[in-house]
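K.L.:
Input: one structure, supplied below.
The values are calculated or read from the model by the stated rules, or taken from the named source; none is laboratory data. None of the values given here were measured: they were computed from a predicted structure. Cβ sites come from the backbone with ideal geometry, for glycine too, and all protein chains shown count toward neighbours.
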Amino acid sequence: MTCKFAPLYENIIAGLAVKKHEEVKMDLRDAEAVHVDETSFSVGGKGWWLWSFSNDEYVLYRLVNSRGSGVLEEVLGEDFDGWIICDGLSAYPAFTDVDPTNNQAERNLREPIVIRKTIGTLRNEKGTRIFERIMTMIATWKRQGLNPKEEMLKIIRG
């Protein structure tokens, strides 16, 4: 059974989560260390990249059509002075700490990868914003030991 109102609720939740998504990004900019990884993701049949940025408290997803260092600057800021823990992709700056397993960042991508395999593709850029905002909030709430369903209801209820 499907809910014909699901897209409406997704749009409402994603719209309300804009501020929270930005707060997570700002908190990660102040982090001592951030785990980063990326994986391919189809958007409208074209190759995009789902990036994961996280520490012990927050997880942020960014879905863009770039695998370049500009994504790091956009999310972490040009003045980020913490450690980036990554797998060694050339897009990462020289001050990174290369972890050959990059376990935390790779684990962050598991749930979105399962969703990607299930849905196949997102249709457009609007869908990418909805996806990254909702997934960011769900992953962050889980990381903080909160109940995602209850937290979403709080957002909806204002």
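K.L.:
Hey, does the stretch 12-19 have a residue that's modelled with pLDDT of 95 or more and surrounded by 16 or more Cβ atoms within 10 Å (Cβ to Cβ)?
P.N.:
Within the stretch 12-19, the first condition is being modelled with pLDDT of 95 or more, and the residues that meet it are none.
No, there is no match, as no residue in the stretch 12-19 is modelled with pLDDT of 95 or more and surrounded by 16 or more Cβ atoms within 10 Å (Cβ to Cβ).
K.L.:
On to the next question. Restricting to the stretch 50-107, name every residue that is at pLDDT 95 or above and touching a Ser or Thr at 6+ places or on another chain (Cβ under 7 Å).
P.N.:
Selection gives LEU50, TYR58, VAL59, LEU60, TYR61, LEU63.
K.L.:
Taking only pairs six or more apart or across chains, which ones have beta-carbon atoms under 7 Å, a first residue in the stretch 113-140 that is touching a residue at least 24 places away in the same chain (Cβ under 8 Å), and a second residue that is basic (Lys, Arg) and outside any helix (DSSP H, G or I)?
P.N.:
Partner pairs satisfying both residue conditions: GLU132/ARG62.
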